[in-house]
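The values are calculated or read from the model by the stated rules, or taken from the named source; none is laboratory data. In this text, all values refer to a predicted model and were calculated from it rather than measured experimentally. Cβ atoms come from the backbone with ideal geometry, glycine included; neighbour counts cover every protein chain shown.
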């Protein structure tokens, strides 16, 4: 039983595909999972709680209070109980509520309280599935870090044929099993991730910096942490937050501070991902007081910062794995390959500023991975959460 001891919340919404939830429940229980079912009120029109309660061997919840007693069904406790929250089928209406934080029923309120991964299996008619508003909501929930199980193609309830069928229960079961297999594949591994920009002081008020948000590096740290790794995240000035207990965040400002923090964490790190956009130069003599306007021109002498990835790459052991990033505007492949060799990376991730939706500040990214073996892989434009998973999957395969 591959799901023995796993706690799975199963959310069922108002869709004709709700009848498949009975079969999915049976499959999950047969594999050893504890299954707690929450239904939206509209789902009651398609399948009865009695059927689902019999199969799950647990009471089925669909409202905030328990009938005449008025006892509270605590959505927060439900959200904390689960190891995985699967919503199948996911209707267009509930999709919109999840994307926009609407908590007008027990299912959506539990979703907002859940701290576990959430897996979503949409089911709707062909034209609904392809509507721009639905596509927009899919993009939002994927960027939240949810796992979207794309609808399958076939005959639909309307009589049309195309994409929109809820993923078959056997396939959802397979995805759940894969999720738990992957969730511990970095258990016992220590990792170092640098992320965000650095700020190099000109005076107490001004600095040299760049537009990096830190989104990519933080997403990589979170993906590794969810898969069991203990991660030291050295983070430059950034609005990005993480709350995973496996991540220790060291906040830094300058390139020198980032180097010192990375240097300390590096010896114990098997995996090292250098995703930070470190300033190449810093003012040689930062002013101790704010520089006043005195003329039309101002010259600032700069000194070169230490190259963190290259310096630590020189001290890399045979057991350590190093990944770097290159953001380029011209001669992308040539420059990326030069950095791959110079900094002793196992592979380098290339971002091109010419790719729309990629690079700094975006929630999406498009990358090409160059391996030291000569192999290369290019991704489509994806959310940075999905790109992070792709990068970590590549690391795991190599290791």
- Message: Can you tell me which residue is surrounded by the fewest Cβ atoms within 10 Å (Cβ to Cβ) among those in the stretch 157-206 that are outside any strand (DSSP E or B) and on the phi > 0 side of the Ramachandran plot?
- Response: 159
- Give me a count of the residues in the stretch 368-395 that are touching a residue at least 24 places away in the same chain (Cβ under 8 Å) and surrounded by 17 or more Cβ atoms within 10 Å (Cβ to Cβ). 14
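For every residue, the table says whether it meets (1) assigned to a helix (DSSP H, G or I); (2) under 16 Å from residue 322 (Cα atoms); (3) touching a helix residue (DSSP H, G or I) at 6+ places or on another chain (Cβ under 8 Å); (4) not assigned by TED's automatic domain parsing to the domain that holds residue 117.
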site	(1), (2), (3), (4)
217	yes, yes, no, yes
221	yes, yes, no, yes
228	no, no, no, yes
243	no, no, no, yes
253	no, no, no, yes
263	yes, yes, yes, yes
266	yes, yes, yes, yes
272	no, yes, yes, yes
- Note on the structure: Residue pairs within 8 Å by beta carbon, gap of at least six or interchain, first lying in the stretch 184-203 and modelled with pLDDT of 90 or more, second surrounded by fewer than 16 Cβ atoms within 10 Å (Cβ to Cβ) and in a strand (DSSP E or B), listed first then second, are 200/281
- residue 80 being surrounded by 18 or more Cβ atoms within 10 Å (Cβ to Cβ) and in contact (Cβ under 8 Å) with a residue 24 or more places away in the chain: no
- residue 316: without any contact (Cβ under 8 Å) to a residue 12 or more places away in the chain and either closer than 21 Å to residue 217 by Cα or part of a loop (DSSP other than H, G, I, E, B) (or both), yes or no? no
- Message: Given the options 327, 390, 340, name the one that is in a helix (DSSP H, G or I) and either under 26 Å from residue 199 (Cα atoms) or in contact with a helix residue (DSSP H, G or I) (Cβ under 6 Å, 6 or more places away or on another chain) (or both).
- Response: 340
- Of 98, 120, 52, which residue is touching a strand residue (DSSP E or B) at 6+ places or on another chain (Cβ under 6 Å), in a helix (DSSP H, G or I) and surrounded by 22 or more Cβ atoms within 10 Å (Cβ to Cβ)? 52
- Message: Return the residues of the stretch 243-268 that are in contact (Cβ under 8 Å) with a residue 24 or more places away in the chain, in contact with a strand residue (DSSP E or B) (Cβ under 7 Å, 6 or more places away or on another chain) and either surrounded by fewer than 17 Cβ atoms within 10 Å (Cβ to Cβ) or closer than 18 Å to residue 144 by Cα (or both); say none if nothing qualifies.
- Response: 268
